[in-house]
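The structure appears right after this line, and notes come after that.
The values are calculated or read from the model by the stated rules, or taken from the named source; none is laboratory data. Predicted model, so just to flag it, every value in this text is computed and none were measured. Cβ coordinates were reconstructed from backbone atoms using ideal geometry, including for glycine residues, and neighbour counts include every protein chain displayed.
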Amino acid sequence: MAIGVFDSGIGGLTIHHALVERFPKADFVFLGDQANVPYGGRPGEEIVELTRRGCERLFAEGCDLVVLACNTAAAVALRRLQQTWIPGHRQALGRPVNVLGIIVPTIEAATGLPWEHEAERRGEKVEKLDVLAVFCTPATAASRVYEIEIDKRRQDVAVFTEPCPNLARMIEAGAPRADLAAEIEAHVKAVTTRIGRAPDRAILGCTHYEIVGDLFRAALKPGTPLIHQPQATAEALAAYLERHPEFRTGDAGTRRFLTTGKPGAQHALVETFWGAPLSFEPA
């Protein structure tokens, strides 16, 4: 058996990299739906169906668990799949399978609280707000998942979401760093203007953005802490596997990379991030 990692494109490799480091002996199958990237501007029902297909393929490849390494898929499709599709598919396969996301561990990292915690609303005045900027796709922004879920847990955190409609596509295409830097600087300036000051912290709410995390750090106020989804996801998965020993991860250290797009070597931006050349098999 293996752990599956699914993304609309190459951004999920940032999550995959952290998981491989955390579970070096586990078997992994990565699937990038590059034929349909990006998901951020697609209708909700289309996102749900594309995500379901990707998970189905990974289960067919022998994965017991699939991590949705895509904020858009996790925000729009995860709950639907868990509630309406996974129970029947688990029965059809005759083995335990599940789909997990990356938003829950990110919100836990942002709030310092477990997902089950909900704050008591006492109407007390908050003396100082912790202003958190979330850079993400339009679909994730439209879901308001970060605003809603963080507000349930922390009354002293104000969330400002900045949709970046072109950034994932530019990263996927291997755009020049100067162009990427200009795009990121424009979004940082836009959210800073809306807030009225620089944010105290930031979430890179699209896994593609971790690939250019250094450009976000350069554009933000020096020293602005970034909440990193890959590390948060890896620790959350470790805790999940401790609670659910029925899920098998394999122990051969196998690594496979599949794509619905053009198979073969990936562009230099991916290789630089990953630290080695990557070649994808056709899905």
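This table checks each residue for (1) under 21 Å from Ile15 (Cα atoms); (2) without any contact (Cβ under 8 Å) to a residue 60 or more places away in the chain; (3) of a type in the set (Asp, Glu).
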{"site": "Leu132", "(1), (2), (3)": "no, no, no"}
{"site": "Glu162", "(1), (2), (3)": "no, yes, yes"}
{"site": "Pro176", "(1), (2), (3)": "no, yes, no"}
{"site": "Asp179", "(1), (2), (3)": "no, yes, yes"}
{"site": "Ala186", "(1), (2), (3)": "no, yes, no"}
{"site": "Leu204", "(1), (2), (3)": "yes, no, no"}
Original post:
Of the conditions (1) out of contact with any Phe, Trp or Tyr (no Cβ under 6 Å at 6 or more places or on another chain); (2) in contact (Cβ under 8 Å) with a residue 24 or more places away in the chain; (3) surrounded by 15 or more Cβ atoms within 10 Å (Cβ to Cβ), Arg197 fails just one. Which one is it?
Top reply: (3)
Subject >> Search result, residues across segment 208-239 that are part of a loop (DSSP other than H, G, I, E, B) and either over 22 Å from Arg197 (Cβ atoms) or of a type in the set (Asp, Glu) (or both) >> reply: His228
**OP:** Could you tell me which of the residues Ala175, Ala110, Ala181 is under 30 Å from His244 (Cα atoms) and either surrounded by 17 or more Cβ atoms within 10 Å (Cβ to Cβ) or out of contact with any Cys (no Cβ under 9 Å at 6 or more places or on another chain) (or both)?
**Re:** Ala110
**OP:** At least 3 residues that are not polar (S, T, N, Q) in each: list the strands (runs of 3 or more DSSP E) lying fully within segment 1-116 that qualify.
**Re:** 2-7, 28-32, 63-68
**OP:** Looking only at segment 14-38, count how many residues are at pLDDT below 95 and over 17 Å from Phe257 (Cα atoms).
**Re:** 1
Subject >> The listed residue being closer than 20 Å to His17 by Cβ and touching a helix residue (DSSP H, G or I) at 6+ places or on another chain (Cβ under 8 Å), out of Val48, Val67 >> reply: Val67
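To keep it simple, each residue is scored yes or no on (1) touching a Phe, Trp or Tyr at 6+ places or on another chain (Cβ under 9 Å); (2) of a type in the set (S, T, N, Q); (3) loosely packed, with under 14 Cβ neighbours inside 10 Å.
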residue	(1), (2), (3)
Leu237	yes, no, no
Glu242	no, no, yes
Asp251	no, no, yes
Arg255	yes, no, no
Thr260	no, yes, no
Gln266	yes, yes, no
Thr272	no, yes, yes
Original post:
If we scan segment 76-88, do we find a residue that is at pLDDT 95 or above, closer than 16 Å to Thr207 by Cβ and out of contact with any strand residue (DSSP E or B) (no Cβ under 8 Å at 6 or more places or on another chain)?
Top reply: yes
Original post:
Is it the case that some residue within segment 216-239 is among the charged types (D, E, K, R), more than 18 Å from Ala69 (Cβ to Cβ) and assigned by TED's automatic domain parsing to the domain that holds Thr137?
Top reply: yes
Subject >> Glu246 vs. criteria part of a helix (DSSP H, G or I), charged (D, E, K, R) and in the same structural domain as Pro24 (by TED's automatic domain parsing) >> reply: no
